[in-house]
Amino acid sequence: MANRRHRHGISLTGSRITSIVSVTLVLLLLSIVAVISMASRRVIDAIHSETGFTIIVSENATQHGINSLKRHLTTAPYVASYTYLSPEDVLAQWERMSDAEENEALAIAGVNPFLPEFDVKVKSAYASADSLLAITAALESLPQVESAKAHTQMVSEINTTIKNIEMVLLAVAIALLVISFVLINNTVRLAIYSRRFLIHTMKLVGAKNSFIRRPFLTDSIATGAFAGVLAAGCLAGLVAYSHSIDTTTRQFLPWGDFGLITAGTVIAGMLICVLAALFATNRHLKQGYGDLFRY
């Protein structure tokens, strides 16, 4: 009898360990996709922050007018950053980008044909062709502005690529969420199936359904939480390893985002496990004795 109890205890322990490991692996896969999604969002924001427009200052603009334009750009809600380029700075930039013949021709002319410019980077929310065109149209109405050129073609190409990437990531995330629920549900169902005779025995002695469900739901919550913590620990190791390989990944995979993913992983593990346990327990509560021998 003691040996049978011992084997039964080992069986339950093995079943619990198997459930925890299975749920951990599924949650780890799900959390990795979450990390990739959040990192992609930061990469997208970084790309958007490099888009914007160029303001060419009017040749009749005074220093007061240029300073007024600087103050306007400093307080504008759409500006992430801007750089002022004097005519000399624009000339030096042009010389770096041009070939020797063009530079020689300009040196012979002995004049600087360039006007001051502002290179403006916009915030991510304004990084669209329509927004940039509206902003540049308003700026061109200012007397100290000769013209404002938006990088609309580049922005449109970037946004199209980003939308395609986001759609792929969303499809992968939804597919993995469904797969995760199915796999965890099957794991929990098998664990409860192994104790179906215990459920039936408790029904025979008059135990209420809520009383029978309680230990299974509590056990599933503990399993989901523990598996979530294990998955978060494995994910932390992967993130730390990526930081050690390339320090630039810290910009796109900060520990602050990891904390949110950790909390979400633990909550998702608990929620999916308790729902699976609830469905599986209700199923066995409705079964008769003859159904206990069928899966």
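So, Ser49, is that one modelled with pLDDT of 80 or more and among the small types (Gly, Ala, Ser) or not?
Details: modelled with pLDDT of 80 or more: no; among the small types (Gly, Ala, Ser): yes.
No: the conditions fail for Ser49.
Within region 25-82, the residues that satisfy the criterion of being farther than 30 Å from Val172 by Cα and in contact with a Phe, Trp or Tyr (Cβ under 6 Å, 6 or more places away or on another chain) are Ile55, Leu73, Tyr78, Tyr82.
Yes/no matrix, rows are residues, columns are (1) more than 13 Å from Thr24 (Cβ to Cβ); (2) among the hydroxyl-bearing types (Ser, Thr, Tyr); (3) assigned by TED's automatic domain parsing to the domain that holds Asn185; (4) surrounded by fewer than 15 Cβ atoms within 10 Å (Cβ to Cβ):
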{"position": "Thr223", "(1), (2), (3), (4)": "no, yes, yes, no"}
{"position": "Phe226", "(1), (2), (3), (4)": "no, no, yes, no"}
{"position": "Val239", "(1), (2), (3), (4)": "yes, no, yes, no"}
{"position": "His243", "(1), (2), (3), (4)": "yes, no, yes, no"}
{"position": "Gly259", "(1), (2), (3), (4)": "yes, no, yes, yes"}
{"position": "Ile267", "(1), (2), (3), (4)": "yes, no, yes, yes"}
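Being closer than 27 Å to Ala280 by Cα and either buried (at least 19 other Cβ atoms within 10 Å of the Cβ) or of a type in the set (Lys, Arg) (or both) is a description that does not apply to Thr218. Take Ala232 and tell me if it is assigned by TED's automatic domain parsing to the domain that holds Phe258 and either crowded, with 19+ Cβ neighbours inside 10 Å or under 18 Å from Phe279 (Cα atoms) (or both). The answer is yes for Ala232. Tallying residues that are crowded, with 16+ Cβ neighbours inside 10 Å and either touching a His at 6+ places or on another chain (Cβ under 8 Å) or not in a strand (DSSP E or B) (or both) within region 55-64 yields 2.
The values are calculated or read from the model by the stated rules, or taken from the named source; none is laboratory data. Bear in mind that the values here come from a model prediction, so they are computed numbers and not experimental data. Glycine also receives a Cβ, built like all others from the backbone with ideal geometry; neighbour counts cover every protein chain displayed.
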